[in-house]
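Below is one structure, written out as structure tokens; comments come after it.
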Amino acid sequence: MSREKRLFALRGATQCVNQGDDIVAQVGALYEGLLSENKLQEQDIVSIIFSVTPDLDAKNPAAALRQGGRAGDLALFALQEAAALNSLERTIRVMIHCYLDEGSTPRHVYRNGAEALRPDRIK
């Protein structure tokens, strides 16, 4: 029996240090968390947008995800987060546009210190 699907946007964020290997590790863990929490398969992803705070310039998060062996054929885009007074530093945010089963409740993932961005989403 086939299920109806609809387009959703999943959000998430993580903090990391400004080193390429940590960016690869943290982006990979964030991505895997979003896939796991939402029972999401890569073939149901339309696109992924990353934003990065200006203090993280050691590696592009889109390149980090690909370096980790994921998202090979997906449309990825990264941009610098808008500067705002008192914003959380060392942060990579992500928005994944994907298809989930109709009636699904999207589960957003905030980890490694980025939970401070959305305390209302923490279990």
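Read the figures in this text as sums done on the coordinates, not as results from a lab. What you are looking at is a predicted structure, and each value in this text was computed from that prediction instead of being measured. Positions of Cβ are generated from backbone atoms using ideal geometry, with glycine treated the same way; all protein chains shown enter the neighbour counts.
Figures for the structure shown
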read-out: 0 to 90° range, to nearest 10: angle between helix 20-37 axis and the chain longest Cα axis; value: 30
read-out: Centroid-to-centroid separation of segment 21-56 and segment 59-112 [C-alpha atoms, Å]; value: 5
read-out: FRET efficiency, D57 to L7 (Cβ-Cβ, R0 25 Å, nearest 0.05); value: 0.20
read-out: Dimensionless Rg ratio for segment 11-117, taking C-alpha atoms and the 2.2 N^0.38 Å reference; value: 1.02
